[in-house]
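Asks: Quick one: structure below, then a few questions.
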4 protein chains.
Amino acid sequence: MIIVAKNEAAAQVIVQKLDQHDPIHPVFIHQNRVALAGIKNISEADQQVIADQVEEIIENHHSAIKSSRAFHPEDTIIKTKHSVIGGKNFVLMAGPDSIESPEHVLEMGQDVKAAGATILRGGAFKPRTSPYSYQGNGEEGLKAHRAAADALEMDMVTEILDTRDVDLVDQYTDIFQVGTRNMQNFALLKALGQKRKPVLLKRGMSATIDDLLNAAEYIAAGGNDQIMLMERGIRTFDSKYTRNTFDVGAIPVLQKLTHYPIIADTSHAAGHSEFVTPLAQAAVAAGAQGLMTEIHNDPSHAFVDGAQALTPAQYQVLATTVRKIHEVIA
Amino acid sequence: MIIVAKNEAAAQVIVQKLDQHDPIHPVFIHQNRVALAGIKNISEADQQVIADQVEEIIENHHSAIKSSRAFHPEDTIIKTKHSVIGGKNFVLMAGPDSIESPEHVLEMGQDVKAAGATILRGGAFKPRTSPYSYQGNGEEGLKAHRAAADALEMDMVTEILDTRDVDLVDQYTDIFQVGTRNMQNFALLKALGQKRKPVLLKRGMSATIDDLLNAAEYIAAGGNDQIMLMERGIRTFDSKYTRNTFDVGAIPVLQKLTHYPIIADTSHAAGHSEFVTPLAQAAVAAGAQGLMTEIHNDPSHAFVDGAQALTPAQYQVLATTVRKIHEVIA
Amino acid sequence: MIIVAKNEAAAQVIVQKLDQHDPIHPVFIHQNRVALAGIKNISEADQQVIADQVEEIIENHHSAIKSSRAFHPEDTIIKTKHSVIGGKNFVLMAGPDSIESPEHVLEMGQDVKAAGATILRGGAFKPRTSPYSYQGNGEEGLKAHRAAADALEMDMVTEILDTRDVDLVDQYTDIFQVGTRNMQNFALLKALGQKRKPVLLKRGMSATIDDLLNAAEYIAAGGNDQIMLMERGIRTFDSKYTRNTFDVGAIPVLQKLTHYPIIADTSHAAGHSEFVTPLAQAAVAAGAQGLMTEIHNDPSHAFVDGAQALTPAQYQVLATTVRKIHEVIA
Amino acid sequence: MIIVAKNEAAAQVIVQKLDQHDPIHPVFIHQNRVALAGIKNISEADQQVIADQVEEIIENHHSAIKSSRAFHPEDTIIKTKHSVIGGKNFVLMAGPDSIESPEHVLEMGQDVKAAGATILRGGAFKPRTSPYSYQGNGEEGLKAHRAAADALEMDMVTEILDTRDVDLVDQYTDIFQVGTRNMQNFALLKALGQKRKPVLLKRGMSATIDDLLNAAEYIAAGGNDQIMLMERGIRTFDSKYTRNTFDVGAIPVLQKLTHYPIIADTSHAAGHSEFVTPLAQAAVAAGAQGLMTEIHNDPSHAFVDGAQALTPAQYQVLATTVRKIHEVIA
């Protein structure tokens, strides 16, 4: 239930009168709006107590209440040291799939920065389908990644796989990334909800739009409102020519439902470099506020997922084209 | 098996020597290329007979051999009276879901022509999930549709549901449309393969890319090479906010595999008018060579699928935006 | 809307008073129940006219009204010359995928009859993904199939692909089969609705339960109530080890919603002979009232789909086991 | 690569000569079989060194090498204090969805034990889609669950959500359960691989068979070979009448590929109590070696998932029927 108060002061009054410190049913406030999480209606006594402050009651809203436009109508804008994400802004995130060496991540960073990217991606902890695939180089990778980002004056985003690593990763990164396989790792989401640092949450392979919003809500419920949602392709009956089915429709749907920035990862959706750019063009044309792209200077020797990596030159073309498309639809 | 001959004359020689008039394994010729459908290799005797004419043998090609780029490398361009479809061209098809009256289809046609559409869509035979839903007005609708198209100097495209109606519909339409539920109605595809008029083939709800190409091949095998393929959304696990999942990746994938024009129907993918335009933008940004869109001046009273219909004003905006996007990626 | 009348005579009175001969909103009667197809509520005037005859009004029913339990609570029992299908009965249908020769279908028929099958399956018109695959031997196959069924005193079931073939196939078969790719070939369903001969309707690859019931309703709406529904596997994200995902849950779900017999085809679901029998066991344990199975004495040389064919000896084992399971759950 | 040695002693010799202590490419031994994980072939020098010990080299095996039948042909049998799981044995696991109180879990345990269950299920940490749904009562629940299991001489199985809770849960439970949303929480799988206690691994909602086997391999790679795999329904295009699509075919497929016991959870697949029993019958008929079922004495007041809970009386019927089916197919 969302109560639209007459003004911000009235909202404060309502919160004071209603808050019951119940972990399952917390009360949130945003400007003149008060959200009663998990509550469908309040007692008549409570209604009377707050009646003078209320302008409107919204009962029909998404269960991910903090994440909903009904509670937070305007776009969330996330400001990192080198980037402004959300709203009318457009952001490019790119880099290698995994951190291979300090030199390599630096070189890749130079290339993507030259193309206009402000956020340097790279994985130190890699979620691999098989235990016998390369698992990432851990803290060593985090250090190299941080050093490259600092040297290039870029933001760093990297994936976290384990609640036990939250503090470690926190020492290095600017943005936490939660991968598709952990979208409903609720322990991890809760842990990140305790941080005050942006989280990039990737949609699960078979997560519905509602699942994604509810997963984001686990982070938001803990008090961390700096959330970005990422469409990266879903599992469907056809995966012969692309690794996943890029659900481009999720972009406008999410933008209607939630205020968080919506980013697209077309590298994992495509799975083959030749389709990464057309999908990126589509994502931006549909309204994506940012793109994440994997690049590699020597894709056939990449440690992980070389088939879907663009070369720096290909990425330069992508970046130029998508900026033009973003201008058309702005 | 595809035999690339040294030149067109050599291809003719090869065909004469190899053709065996076998309905299951026909032989096709395109410029200097000879396709042996359903044949993996030929006898050593045959190889020797044609050896002098051969430049290259392609064994690894799509089973939809006439539809493949390996057989027909350059884009197919389809020319109707008022439109040029395929290649670098971009075409707009629009109109009401169903033909409601002569006046209505004419009015809708005026609106979409004003926005730049050259092909007027409309359904006289409607494939409805329930027998108790409006089934279309049949030949009466065809007549009204034809009259409107003629008056406006537009091409007419309409759906055909029954092999018994092929000749009837042929009397009126410029382009046959095969709907998603009939994509593997092989009897219908074979019947249309006997015509020499363009066919717009919509992808089935759970048709793989390979299924779609093989369905097109049923038409091509009969000798009708004027085929357009249409992505219109597929069935996935999530259909709460959009009617189908628009598989935007199918567009570049199909363009790699086949030479036919690829058209997008984002009305049926979206299912809700508010998402039709962002999906259309995405489709064009991904390389679609045309768009089909449903419009209605009074969506809430449309006979069929009003929820997904754009108003004429909304369509005008869509048309303007997608043309700009098409220019960016051209 | 379904009106439960006080008795059968009262139902007749209601029908006389309400029937308006509207093809989109026909009125059906079953014992003391009257179905108003596609109608949500009737005028107050009409309500008053029939008030004395009415025991109960059911507004919340499936749109496939004739197919619903709300209209027809008891199981439909279909009696053919050699089989009783539906209710507590259990029926075995088996035979080769395609009719290869008069001798072959007769031999296969002998084998499946020995195992307890009473319905001989076989395809003369084959819906193949590629036009360059064997398409069946047409009327010649129908004749051989009919002759074998007659010689063995079995019923014949065969697939029909084209509305133009309805009368031809009708001359030979006891049961029409509509395949998965034609489940929403509404022209074909309407044509079969005009016959008075059982129809076996296979679920489409991505047809929902509701789609299947509505497709059946196309047949029922024409007056043909002898319908069997068949679960044969659906398309999902995983088709590496089985050709389709056998949706065993569809069996009890359908039995709750509809009165038609529910049959399972585990050959097409499995796609590999080793999984046909465990799936058949599962289908019967879940309540399937019949099984269709493909057999071949020499699977590796079958004209079509040899990989999923059981040998006669394997089929004998299957038949014995499933009958025991049927007894356990009876 | 799997090397089948001439005998167990020969296998030991091979291991000594080849083991290179590489965490990504470990060497495993089972009787006379040696598995080289992640290795496709070995050097000619190595081949010569071991040539005398080798009977056969298997190169074509599943990437989940320890989990594969090629490495471990015979069924894994897991023995807990009160249960024998795997092979020809059949085991019943049941209990409430969540631990509601010490009295309640004890009462539910008595009921399921009376029906033949030897393993008492119950959740203390609940993975809920929304943060505002009941999240379980944590250690308090574990204590009550343990006490009930001890009092009833049953085994305890409970879900673990967080790597930080592994030691805590380990103090109480007999079997760790990894839920569908954590199937690819690789940090958790690795942590459980360090334990020597059975793990029940549920298939992810859109996990392929290969994904599931590779997830199990994460546990096995750590040295914990006591693994059970659970089919619990997958996400498909149709979820109107059942919560998930129970993939009954996964049971025989998994039994072909792996030696681990295969258990079915038909409560989460069905989502509605009326379909839990037919699906359980199907699962057992397809060869499932055990069933997990949720029960509640007052489903409409269950803390979690009451809609899918059987009453104790319904569970008694289920247990009796499935045992009869298990006998038929034994």
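Asks: Quick check on region C:248-273: of everything there that is within 10 Å of chain D (Cβ to nearest Cβ) and touching a residue at least 40 places away in the same chain (Cβ under 8 Å), which residue is nearest to C:PHE71 (Cα to Cα)?
Replies: Only one residue tops the list, namely C:LEU257.
Asks: Would you mind stating whether A:GLU74 is at pLDDT 95 or above and either assigned to a strand (DSSP E or B) or among the polar types (S, T, N, Q) (or both)?
Replies: So A:GLU74 does not fit the description; no.
Asks: Okay, moving on. Could you tell me which of the residues D:THR208, D:THR180, D:THR236, D:THR173 is more than 8 Å from chain A (Cβ to nearest Cβ), modelled with pLDDT of 95 or more, touching a His at 6+ places or on another chain (Cβ under 9 Å) and under 30 Å from C:PHE246 (Cα atoms)? Spell out how you get there, then give the answer.
Replies: Working: D:THR208 fails: touching a His at 6+ places or on another chain (Cβ under 9 Å); D:THR236 fails: touching a His at 6+ places or on another chain (Cβ under 9 Å); D:THR173 fails: under 30 Å from C:PHE246 (Cα atoms).
Only one candidate qualifies: D:THR180.
Asks: From (1) buried (at least 24 other Cβ atoms within 10 Å of the Cβ); (2) within 21 Å of A:LEU188 (Cβ to Cβ); (3) within 10 Å of chain A (Cβ to nearest Cβ), pick out the condition that doesn't hold for D:LYS202.
Replies: (3)
Asks: Also, I was wondering about something else. Quick one: which of B:ALA37, B:ALA64, B:ALA70 is touching a Phe, Trp or Tyr at 6+ places or on another chain (Cβ under 7 Å), hydrophobic (A, V, I, L, M, F, W, C) and touching a residue at least 24 places away in the same chain (Cβ under 8 Å)? Before you say what the answer is, go through the steps one by one.
Replies: Details: B:ALA64 fails: touching a Phe, Trp or Tyr at 6+ places or on another chain (Cβ under 7 Å); B:ALA70 fails: touching a Phe, Trp or Tyr at 6+ places or on another chain (Cβ under 7 Å).
After ruling out the rest, the residue left standing is B:ALA37.
Asks: While we're on this one: Scan region A:219-235 residue by residue and report those that are open to solvent by 10 Å² or more (accessible area, probe 1.4 Å) and on the phi < 0 side of the Ramachandran plot.
Replies: Scanning region A:219-235 gives A:ALA221, A:GLY222, A:ASP225, A:GLN226, A:ARG235.
Asks: Here's a check for you: in region B:75-84, which residue that is in contact (Cβ under 8 Å) with a residue 12 or more places away in the chain and open to solvent by 70 Å² or more (accessible area, probe 1.4 Å) is nearest to C:THR129 (Cα to Cα)?
Replies: Out of the qualifying residues, it is B:ILE77.
Asks: Take B:ALA187 and tell me if it is within 21 Å of C:ASP162 (Cα to Cα) and more than 8 Å from every other protein chain (Cβ to nearest Cβ).
Replies: Values: within 21 Å of C:ASP162 (Cα to Cα): yes; more than 8 Å from every other protein chain (Cβ to nearest Cβ): no.
Considered against the rule, which asks whether it is within 21 Å of C:ASP162 (Cα to Cα) and more than 8 Å from every other protein chain (Cβ to nearest Cβ), B:ALA187 comes out as no.
Asks: Checking D:ALA51 against (1) surrounded by 14 or more Cβ atoms within 10 Å (Cβ to Cβ); (2) among the small types (Gly, Ala, Ser); (3) not in a loop (DSSP other than H, G, I, E, B), only one condition comes out false. Which one?
Replies: Just one mismatch for D:ALA51, condition (1).
Asks: Hey, can you tell me all the residues within region C:83-113 that are over 13 Å from C:ALA147 (Cα atoms) and either in a loop (DSSP other than H, G, I, E, B) or basic (Lys, Arg) (or both)?
Replies: If the condition is that a residue be over 13 Å from C:ALA147 (Cα atoms) and either in a loop (DSSP other than H, G, I, E, B) or basic (Lys, Arg) (or both), then C:SER83, C:GLY86, C:GLY87, C:LYS88, C:ASN89, C:PHE90, C:PRO96, C:ASP97, C:GLU100, C:LYS113 are the ones that fit.
Asks: Related question: Considering only region C:276-295, I want to know if a residue exists there that is over 22 Å from the mean Cα position of the chain (by Cα) and modelled with pLDDT of 95 or more. Reasoning before the result, please.
Replies: Within region C:276-295, the subset over 22 Å from the mean Cα position of the chain (by Cα) is none.
There is no residue in region C:276-295 that is over 22 Å from the mean Cα position of the chain (by Cα) and modelled with pLDDT of 95 or more.
Asks: Quick one: which of C:GLN47, C:GLN16 is more than 19 Å from C:GLY223 (Cβ to Cβ), over 28 Å from the mean Cα position of the chain (by Cα) and not assigned by TED's automatic domain parsing to the domain that holds C:SER267?
Replies: C:GLN47
Asks: I'd like the full set of residues that are without any contact (Cβ under 8 Å) to a residue 40 or more places away in the chain and of a type in the set (Val, Ile, Thr), limited to region D:42-61.
Replies: Listed by number, the list holds a single entry, D:VAL49.
Asks: Give region B:280-295 a look and list any residue that's part of a loop (DSSP other than H, G, I, E, B) and either facing another protein chain (nearest Cβ under 7 Å) or touching a Leu at 6+ places or on another chain (Cβ under 6 Å) (or both), or say none.
Replies: B:ALA286, B:GLY287
Asks: Next question. If D:THR277 meets every condition in (1) more than 12 Å from every other protein chain (Cβ to nearest Cβ); (2) outside any loop (DSSP other than H, G, I, E, B) apart from one, which number is that one?
Replies: Single failed check for D:THR277: (1).
Asks: Residues of region C:1-55 being within 14 Å of chain B (Cβ to nearest Cβ) and of a type in the set (Lys, Arg), which ones?
Replies: Going through region C:1-55, the residues within 14 Å of chain B (Cβ to nearest Cβ) turn out to be C:1-2, C:20, C:22-28, C:35-40.
Residue satisfying the conditions is C:LYS40 alone.
Asks: If D:GLN16 meets every condition in (1) assigned to a helix (DSSP H, G or I); (2) open to solvent by less than 50 Å² (accessible area, probe 1.4 Å); (3) not hydrophobic (A, V, I, L, M, F, W, C) apart from one, which number is that one?
Replies: D:GLN16 satisfies all of (1) assigned to a helix (DSSP H, G or I); (2) open to solvent by less than 50 Å² (accessible area, probe 1.4 Å); (3) not hydrophobic (A, V, I, L, M, F, W, C) except (2).
Asks: Say we look at region C:302-330 and pick out the residues that are modelled with pLDDT of 95 or more and loosely packed, with under 14 Cβ neighbours inside 10 Å; which of these is farthest from the chain's Cα centre (by Cα)?
Replies: Here the answer is C:ALA313.
Asks: Taking the options C:ALA9, C:ALA35, name whichever one is of a type in the set (A, V, I, L, M) and loosely packed, with under 14 Cβ neighbours inside 10 Å.
Replies: Going through C:ALA9, C:ALA35 in turn, just one is of a type in the set (A, V, I, L, M) and loosely packed, with under 14 Cβ neighbours inside 10 Å: C:ALA9.
Asks: Still on this structure: What are the residue pairs meeting all of these: first residue in region C:117-131, first residue within 14 Å of chain B (Cβ to nearest Cβ) and of a type outside the set (D, E, K, R), second residue part of a loop (DSSP other than H, G, I, E, B) and open to solvent by 20 Å² or more (accessible area, probe 1.4 Å), Cβ atoms under 7 Å, and 6 or more apart or on different chains?
Replies: So the pair list comes out as C:GLY123/C:GLY136; C:ALA124/C:GLY136; C:ALA124/C:ASN137; C:PHE125/C:GLY136; C:PHE125/C:LEU161; C:PRO127/B:GLN184; C:PRO127/C:LEU161; C:SER130/B:SER63.
Asks: Just to check your reading of the model, which residue among C:MET108, C:MET183 is within 21 Å of the chain's Cα centre (by Cα), assigned by TED's automatic domain parsing to the domain that holds C:LEU229, buried (at least 22 other Cβ atoms within 10 Å of the Cβ) and not polar (S, T, N, Q)?
Replies: C:MET183
Asks: Do the conditions hold for B:ILE29, that is, is it assigned to a strand (DSSP E or B), crowded, with 16+ Cβ neighbours inside 10 Å and in contact with a helix residue (DSSP H, G or I) (Cβ under 7 Å, 6 or more places away or on another chain)?
Replies: On the way: assigned to a strand (DSSP E or B): yes; crowded, with 16+ Cβ neighbours inside 10 Å: yes; in contact with a helix residue (DSSP H, G or I) (Cβ under 7 Å, 6 or more places away or on another chain): yes.
Yes; evaluated as a whole, the condition is true for this residue.
Per-residue answers, yes or no, for (1) open to solvent by less than 10 Å² (accessible area, probe 1.4 Å); (2) in contact with a Leu (Cβ under 9 Å, 6 or more places away or on another chain); (3) assigned by TED's automatic domain parsing to the domain that holds C:ALA264; (4) β-branched (Val, Ile, Thr):
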residue: C:PRO73; (1), (2), (3), (4): no, no, no, no
residue: C:GLY87; (1), (2), (3), (4): no, no, yes, no
residue: C:VAL91; (1), (2), (3), (4): yes, yes, yes, yes
residue: C:ILE99; (1), (2), (3), (4): yes, yes, yes, yes
residue: C:GLU103; (1), (2), (3), (4): no, no, yes, no
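The values are calculated or read from the model by the stated rules, or taken from the named source; none is laboratory data. Because the structure is predicted, anything quoted here is derived from the model rather than measured. With ideal geometry, Cβ positions are generated from the backbone for all residues, glycine too; neighbour counts draw on all protein chains shown. These accessible areas exclude ligands, DNA and RNA; they are computed on the full protein's heavy atoms, side chains included. Shrake-Rupley method; radii C 1.70, N 1.55, O 1.52, S 1.80 Å.
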